[in-house]
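Derivation of every value follows stated rules applied to the coordinates shown; laboratory data play no part. Quantities reported herein were computed from a predicted structural model and do not represent experimental measurements. Backbone-built Cβ (ideal geometry, glycine too); neighbour counts: all protein chains shown.
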Amino acid sequence: MKNELLHYTMQNEYIDKVRKISYSFFLMHGVKPKYYTHTFGCQQNESDTEKINGMLSDMGYIQTDLRDDADFILYNTCAVREHAENRVFGTIGALTQIKREKPDVIIAFCGCMMQRSDISEELKKKYRHIDIVFGPQAIGRFPENLYKALSSKQRVFDVINENGAITEDIPVKRASRYKAWVSIMYGCNNFCSYCIVPYVRGRERSRDPEMIIDEVSNLVADGYKDITLLGQNVNSFSNDTNNNWNFAKLLRRLNDIDGDFRIRFMTSHPKDATPELIDTIASCSKICNHLHLPFQSGSNRILELMNRKYTREKYLQLVEYAKNSIPDLVLTSDVIVGFPTETKEDFEQTLSLINEVDFQGLYTFIYSIRQGTPAASMEQIDETIKHERFEQLCSLQNIKAKTFNSKYIGKTLRILVEGFSNNDKNMQTGRTDGNIIVNFPMCEAKPGEFINVKIESALNWALFGQAVKQDNI
Ligand code: SAH
Ligand code: SF4
Ligand code: F3S
C-alpha cells in the first residue's frame, strides 16, 4: 500500500492566478490584501491553520489580527463536541453584518465540522454569506478553491468524502519561532463509539518517514526547540503502509538529529502503546518524558462500549511499565464522564483509576452526543448527574495535580522559556520536559532559550520558582 502523494506545486496554476489577483489588489489599494484566520479545536487544526496561513502568505496576502479589517476571513472548525459547534454557529451569525458592509470580503469555513454533510448542506442553504467551505481532507486544494471563489464569485463547497491523499511541501507560517507542530499522519481508524473524528478526517494515512525527518531537521536548523509530532494515534504510524517503519523507530531517528531540542508527541492510544515505545522514550534523551495516554474511563464495561480495545488492567499494567522504565515520567490523559449507561459504580472506577495512576494533568470532558456515532443511539444518562460527576472528577484531579506538582519543590528543572505569563506580566513562563508550566520572575532569558529554574512552590496548574545561573546547579 502506498498513500497517494501530492505536492503543493501541483497547485501552481492556481497559486499563480491568486498571486496575480493579489497584485492587482495591491496596485488598486496600495496595500496587499489582508487575511484573518481563527482556529477552534485541537493541535491538528492549529497545524492546518498554519498551513493555510502559509499558503495565503505565499499567494500575496498579509496577516491581520483585526477581523473587520480583513479581505479574507477563515474559521477552522471542530466537531468533537456540541459546544465547539455552537461556538461556530455563533460566529457564522456575526459575520452576516461584515459581508453586508464589505461584499467583496471572502468568508471561508474549513475543518472537521465542515466535513459533516448535514452541516455543509445547512450552510449552503441558509448562510449565503459564506463563500468557501472545505473539509480537512481538501486542504491541499486550497489555492484552487480560493481562486474559484475570487474569480467566479461562485460559492465553493469542497467537502466530498474521500480518503484524503497527503499533500507535501505546503508552506507553513508557524505561530511560534521555537515551538512547532509536525503532523506525522492524518485520519483515524479506531472508531471509538463516541467520537466523530474518523468520520470527518478519514482513514489513517502516514507520511513518508524520510519527509518527516527532513522537516524536523530543518526545524532544528532554524532554531526550533520544542517539536510536537501529531496524529490521532501516533502509535499506529506506518501501519497503513508496507514499509518496515513504526513509531518507535521514527522517534529513534529523530533523536539522532544533532542539536539541543525536544520532541513530544500526541496522541498515543493505549491499545497500541508497546514496551518498545516506552523503552525508546526511556533511552532517547531528546524525547520528552511525557506520555499523554487517554484512558477515557476506568470501567471495563464502559471501555468495551466505547470500543477502546483495552481493559482497565491492561492500562494499569502499561502505566506501571512506563513508570518503572522512565524515572521522571509525567503522565497526562483524557477522560469522559457521563458516557451512555455510565452508573455510579462505573464512575467510581474512573475516580479510583485516577487515584491509582497519579496523572499530572487531565483533560476532562462531559460526554456529548455526536449524531451518526454508535454511542448516540445508546441509552443516555441524566444531564444533572453528568455535571455532578464532572465537578467531582475535577475536584479530585485538582488535589492530585497539586500533590504531583509539589514533589518538584526544591528541585531545579530545565525550562524552555515561552514569554510572559498570561496571569502576571512581571513573570515569565516556560515548560518542563514533562510539559508542566513553570512561572518565574523576569530574568534575562528570552523566549526559545533553555534555562534552569529552582522550584519554590506549586499549584495544581503550574510551578513557581527562580531562575538559577548555570554554574549554581
Ligand atoms: N485521537 C485522540 C483524541 C481525539 S479527541 C485520542 O484518541 O486520544 C480528544 C478527546 O476528546 C478524546 O480523547 C475524548 O476524551 C474527547 N472526546 C471525543 N469525543 C467526545 C464526545 N463525543 N464527547 C465528549 N468528549 C469527547
Ligand atoms: Fe476519536 Fe478514538 Fe480516533 Fe481518538 S482514537 S480520534 S478518540 S476515534
Ligand atoms: Fe481536532 Fe476537533 Fe477535528 S478535536 S480532529 S478539530 S473534531
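From largest to smallest, the equivalent ellipsoid semi-axes obtained for the chain from the alpha-carbon gyration tensor read 37, 28, 23 Å. Cysteine residues of the chain whose C-beta has no other cysteine C-beta under 4.7 angstrom: CYS42, CYS78, CYS110, CYS112, CYS188, CYS284, CYS288, CYS394, CYS443. For the stretch 177-406, a simple Cβ point-charge model (Lys and Arg +1, Asp and Glu -1, everything else neutral) yields a dipole of about 260 debye relative to the Cα centre. Sorting TYR8, TYR321, TYR194 from the fewest to the most surrounding beta carbons within 10 angstrom yields TYR321, TYR8, TYR194. Charge dipole (Cα centre; +1 on Lys/Arg Cβ, -1 on Asp/Glu Cβ; no other charges) of the stretch 412-472 amounts to roughly 20 debye. Between the listed residues GLY298, MET185, GLY223, the Cα displaced farthest toward the positive end of the dipole of the chain, a dipole computed from Cβ unit charges relative to the Cα centre, is found at GLY223. In the chain, the calculated helix contribution to ellipticity at 222 nm averages -11500 deg cm²/dmol per residue, counting -39,500 (n - 2.57) for every DSSP H run with n ≥ 4. Ranking SER47, ILE106, ASN289 by how far each Cα lies toward the positive end of the dipole of the chain (charges on Cβ) leaves ILE106 at the top. Each Lys and Arg adds +1 at its Cβ and each Asp and Glu adds -1 at its Cβ; summed about the Cα centre, the chain shows a dipole of about 720 debye. Put simply, the amide H of PHE265, placed in the peptide plane, has neighbours under 5 Å in LEU229, leaving out anything fewer than 5 places away on its chain. Measuring nothing but how far apart in sequence close Cα pairs (under 8 Å, 6+ apart) lie, relative to its length, the chain scores a relative contact order of 10 percent.
Around the amide H of GLN428, modelled in the peptide plane, lie the amide H atoms of SER421, PHE440, MET442, all under 5 Å away and 5 or more residues distant in sequence or on another chain. Put in line by how crowded their Cβ is, counting other Cβ atoms within 10 Å and starting with the fewest, ILE62, ILE119 read ILE62, ILE119. Between helix 344-357 and the chain there is an angle of about 70 degrees, using the helix long axis and the longest principal axis of the Cα atoms. For the stretch 82-131, the list of trypsin sites (Lys or Arg not before Pro) that fall in a loop by DSSP and count at most 11 other C-beta atoms within 10 angstrom reads ARG128. Here are some pairs, LYS249/LYS402; LYS125/LYS148; LYS173/LYS225; LYS173/LYS323; which of them have Cα atoms lying more than 27 Å apart in this structure? Long pairs (Cα-Cα over 27 Å): LYS249/LYS402; LYS173/LYS323.
Can you work out the base-10 log of I(q)/I(0) for the stretch 412-472 at q = 0.18, 0.27, 0.28 1/Å, using the Debye formula on its C-alpha atoms alone? Rounded to two decimals, the profile gives -0.50, -1.20, -1.30.
Along the stretch 112-124 the Karplus relation, 6.51 cos²θ - 1.76 cosθ + 1.60 evaluated at θ = phi - 60°, assigns HN-Hα couplings of 4, 5, 6, 7, 7, 5, 4, 6, 5, 5, 4, 5, 4 Hz to successive residues, with x for each Gly and Pro. Explain nothing, just the number: relative contact order of the stretch 329-384, from Cα pairs under 8 Å at least 6 residues apart, as a whole percent. This gives 53 percent for the stretch 329-384.
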